[in-house]
Amino acid sequence: MQARKKFVIGSGIIVATLLVLAYVGYTQSKTYYHTISEIPTLQLSALHQRMRVSGNVRAGSITHVDGRTDFVLEEQGKNLAVSYVGRDTLPDTFKDGAQALVEGRLMPEGGFVAEQVQAKCASKYEAVPGATPGAAPNPAPGSATQPGPSSGQSNNQSVVPGGPGQS
Amino acid sequence: MDIFGSFALLLAFLAAVYALVAGIIGILTRRALVTKSAQHAGMAVFGLVTLAVASLEFFFFTDNFSLPYVASHSNRALPLYYKFSALWAGQEGSLLFWTWLLSIYAFFALFLNRKKHPELMPYVGVAIAGVQIFFLTLNNFIASPFKILGGLDASGVMHVARLSEGNGLNPLLQYPEMVIHPPILYLGYTGFTIPFAFALAALLGRYPGEKWIKITRLWTMVTWLFLTMGIFLGMHWAYAVLGWGGYWGWDPVENASFMPWLTGTAFLHSVMMQEKRGMMKVWNVWLVFITFMLCILGTSLTRSGIVSSVHAFAESSIGPWFFGFLAIILAVCLVAWYKNRDYLRSDNQLDSLVSRESSFLFNNLILLAACFAVLWGTLFPVLSEWVTGNKISVGPPFFNKVNVPIALFLMLLTGVGPLLAWHKTSYDALRRNFAWPLTGGVVAGAIAFVFGFRQLYPLICLILSVFVTLTIAAEFYRGARVIASRDGSNILSAVGELTMRNTRRYGGYVVHFGMVLIFIGIAGSAFNQDIQKEMSIGDNISIGPYTILCQNFDQVSNSNYQADRATLEVFRNGKSEMMLYPEHRLYLASQVPETMVAVESKPLHDLYVVYAGTSPETGKPVIHVYLNPLVKWIWFGGIVVVLGTGLAMIPDRRAALVLRAANERSWGDAVAQTATGSPVAGPVRRSAIPRSGADD
């Protein structure tokens, strides 16, 4: 009984430590998904959240200035101006009309500063849903999920596609 | 041929249904003939699914694009071996592939045991058939790879669309490892069906004795070996192909394979508690159940798109089927356990905190905690959406914060656990076993600290690596010295002799040593450097000891892709050391761009060069260079783990002789017996080798 009690106490300490670490890790890395139309309705506190937003790149909106790339994301008639400030090269698939997922923060004056951009172009596989597994966890059919350096990671610990993927 | 394939698949489904129904009738009525016919049906599934797979491969090899599945994953110019691997490049095919591998396992499990365990095997057959029915349902009715393109015209005549050229295989999959990685990983996933079936069968049939746990353990080792190899091949593929300079990013796909690995590892350890002390029976049964469920969950996570990680834009309809199946498994397991819980009563209690038992308990606690954290993090977007309505994801910092300390604690247990005695360890034994290794570790840490090595986790990892390696070396040395002095042989051949006499114990040490190498390699990532630059001919980049000079940019192409290629000369200390040729490819059939990384791998570091793309402003090529320390140790450690696991599955030398004389037993049985230190093997060994305060 004595040994059992010690074991329970030891386990309790371990589990408590892990919970604290998990909470710290959670607060450091939590990222919200929002749609463009949701953004104006967000509370003030939500403005400081790290978030992911997806949409289509408006044709002709991409401009490169001073090491920064500006473009406009569209979704159901709503627009979001995005500045990409990450240092990695944008993916080849990032072009007019491409579907893009940006990660970063909202600026107080509107607009969105993205540290990461991922993009996929409309593909001729589109007719076969859910057909291309592999690197990405079930990426879109034939999506040019452009992983790696081109997915615009802010550091090499960040979002990484693929891995011991089942395919 | 498509009709042939889908017909074979339909027959396989019927055979599996027969195996289930007749199996249950056989158990209830105790009619041997019915049971036997059920088992034969279970084996026949293998033949029928094989025919279906062969006919699908026939389509790939003959460039017959009348099947949409073939058209979307192959093209004429695709190299032959990728046409073969295109079988599992998509959802329908990989589910068929799952079914096929499962049918292979099922065939061997039923065939090898057809004349043994008459009380156990009928239940095993039923459990396996249940799993097969689920997958064959998907293959036949939900996601058939034999579905054809076409429709009825106005007059009701069927028209089948035929394409003359396919869309090509996803370029990410056009890499040699992708031909072997998925089959091996899938063998790891599917294989857990067999231990699951045996555990469930033993529980339902209230099979007397502990024999089933030995069979279960053996099958778990086989499938764990495949899962381990699959994970390592996947890491290596991610590293070599994806071009982001790393090998593990806590992506849902990776996590999916890691979770059953963690619980499977926990089972392989805690099963010893049951064999030696009759403890943790409920826990072990549930570990097997949970591992199997995690395999199914893993398959569904990567198939359903429910945890649509950052770049999964698409979802498929298959998710609800998997979750329904998981719910059924859970219900069956709960009922089986509840009705038979007295069968699993523990024989013993924990005696002391400093004992082998408690080290196993901590090992299990921590492995399960890791698994839970990974599961939680992976499913967090789904859970948070249910609870708060906000979809929130967590990233690598979450996983690393929790798992790095867990990994270090596990490493400590790796050194300490095997040398603790069952029941209780005396202070003397502790000092005898650990004084020198601990001193060695601390001295190594102190030296590193003096030389400016200040990061906390890598420093702890270094101390523990030295400590664990020394305890393992000491174990081999102590045992080998006794054999050497008695036989008059030299110490090296004595080490071989020692290992072969108790492969499970010493193979286990080899696995532990492999894990140490892997941890060292992972700790190396704390010192990664990288630099990215736009380059013209004549420009150079410096990183670590290297200077990289850009010699040329040109274009190469073949029928499969066009590539921009950089020719880079690498200098070290002013001397030209090598040439690297990273490429940026565009695959023609799919029009998908892809990078081809150039890696120079050395024992101390990898020089990893990526042709990242073209700068939108200047139009110049962008080159991204990484210097990743100690990555090679991870791959080497993986090989050591695989070899050690293989070693632990070889029957003990002395025991093999005894068994040959007995002449009655099959090989599989012999392994199950000897590897667990059965009575046959035990006394012979035990008299020969003194224990270091511990038994295996």
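The values are calculated or read from the model by the stated rules, or taken from the named source; none is laboratory data. Computed from a prediction, not measured in an experiment: that's the story for all the values here. As a convention, Cβ positions derive from the backbone with ideal geometry for all residues, glycine included, and neighbour counts pool all protein chains shown.
Observations on the model:
- Residue list for segment B:588-622, filter: assigned to a strand (DSSP E or B) and at the interface with another protein chain (Cβ under 10 Å from one of its Cβ atoms): B:V592, B:P593, B:E594, B:T595, B:V610, B:Y611, B:A612, B:G613, B:T614, B:P621, B:V622
- Any hit, segment B:348-361, residues being assigned to a helix (DSSP H, G or I), within 24 Å of the chain's Cα centre (by Cα), within 12 Å of chain A (Cβ to nearest Cβ) and modelled with pLDDT under 85: no
- Any hit, segment B:518-526, residues being surrounded by fewer than 22 Cβ atoms within 10 Å (Cβ to Cβ), without any contact (Cβ under 8 Å) to a residue 12 or more places away in the chain and of a type outside the set (F, W, Y): no
- Some residue of segment B:242-260 being closer than 27 Å to B:R505 by Cβ and either over 12 Å from the mean Cα position of the chain (by Cα) or not charged (D, E, K, R) (or both): yes
- Some residue of segment A:19-36 being surrounded by 15 or more Cβ atoms within 10 Å (Cβ to Cβ), more than 9 Å from chain B (Cβ to nearest Cβ), touching a Lys or Arg at 6+ places or on another chain (Cβ under 8 Å) and of a type in the set (A, V, I, L, M): yes
- B:F232 being over 14 Å from the mean Cα position of the chain (by Cα), part of a helix (DSSP H, G or I) and not β-branched (V, I, T): no
- If you go through segment B:376-403 and pick out every residue that is out of contact with any helix residue (DSSP H, G or I) (no Cβ under 6 Å at 6 or more places or on another chain) and assigned to a helix (DSSP H, G or I), you end up with 13.
- Residue list for segment B:247-273, restricted to those being assigned to a loop (DSSP other than H, G, I, E, B) and surrounded by fewer than 24 Cβ atoms within 10 Å (Cβ to Cβ): B:W248
- Selection within segment B:224-266 - without any contact (Cβ under 8 Å) to a residue 60 or more places away in the chain and more than 10 Å from chain A (Cβ to nearest Cβ): B:F226
- B:P68 satisfies every condition listed in (1) within 14 Å of chain A (Cβ to nearest Cβ); (2) surrounded by fewer than 19 Cβ atoms within 10 Å (Cβ to Cβ) except (2).
- Cross-chain or 6+ apart pairs with Cβ under 7 Å, segment B:379-397 first and within 11 Å of chain A (Cβ to nearest Cβ) and surrounded by 17 or more Cβ atoms within 10 Å (Cβ to Cβ), then outside any loop (DSSP other than H, G, I, E, B) and among the basic types (K, R): B:P381/B:K391; B:S384/B:K391
- Filtering segment B:643-655 to residues that are more than 17 Å from B:I215 (Cα to Cα) and either modelled with pLDDT under 50 or touching a helix residue (DSSP H, G or I) at 6+ places or on another chain (Cβ under 6 Å) (or both) leaves B:G644, B:L647, B:R653, B:R654, B:A655.
- Test result for B:R585, touching a strand residue (DSSP E or B) at 6+ places or on another chain (Cβ under 8 Å), crowded, with 20+ Cβ neighbours inside 10 Å, among the basic types (K, R) and in contact (Cβ under 8 Å) with a residue 24 or more places away in the chain: yes
- Test: residue in segment B:334-342 that is within 14 Å of another protein chain (Cβ to nearest Cβ) and surrounded by fewer than 19 Cβ atoms within 10 Å (Cβ to Cβ): no
- Hits in segment B:107-132 - residues which are in contact with a Lys or Arg (Cβ under 8 Å, 6 or more places away or on another chain) and crowded, with 21+ Cβ neighbours inside 10 Å: B:M121
- Of all residues making up segment B:144-178, the number that are at pLDDT 85 or above and surrounded by fewer than 24 Cβ atoms within 10 Å (Cβ to Cβ): 1
- For A:I39: the one exception among (1) in contact (Cβ under 8 Å) with a residue 60 or more places away in the chain; (2) closer than 30 Å to B:D530 by Cα; (3) in a helix (DSSP H, G or I): (2)
- Of the residues in segment B:442-453, not one is in a helix (DSSP H, G or I), touching a Gly at 6+ places or on another chain (Cβ under 8 Å) and free of Cβ contacts under 8 Å to residues at least 40 places away in the same chain.
- In segment A:2-17, the residues that are farther than 11 Å from B:L350 by Cα reach residues that are part of a helix (DSSP H, G or I) and among the small types (G, A, S) with C-beta atoms within less than 9 angstrom, at least six apart or across chains, in these pairs: A:G10/B:S358; A:I14/B:A369; A:V15/B:A369.
- In segment B:206-214 there is at least one residue that is small (G, A, S) and either within 14 Å of chain A (Cβ to nearest Cβ) or not in a helix (DSSP H, G or I) (or both).
- Residue within segment B:246-257 that is modelled with pLDDT of 95 or more and either among the charged types (D, E, K, R) or more than 29 Å from B:S355 (Cβ to Cβ) (or both) present: no
- Of all residues in segment B:398-417 being surrounded by 22 or more Cβ atoms within 10 Å (Cβ to Cβ) and aromatic (F, W, Y), the one that is nearest to the other protein chains (Cβ to nearest Cβ): B:F398
- Being in contact with a Leu (Cβ under 7 Å, 6 or more places away or on another chain), at the interface with chain B (Cβ under 8 Å from one of its Cβ atoms) and more than 28 Å from B:F360 (Cα to Cα) is true of A:R52.
- Scanning segment B:475-526 for residues that are more than 17 Å from B:M411 (Cα to Cα) and of a type in the set (A, V, I, L, M) yields B:A480, B:V482, B:I483, B:A484, B:I491, B:L492, B:A494, B:V495, B:L498, B:M500, B:A526.
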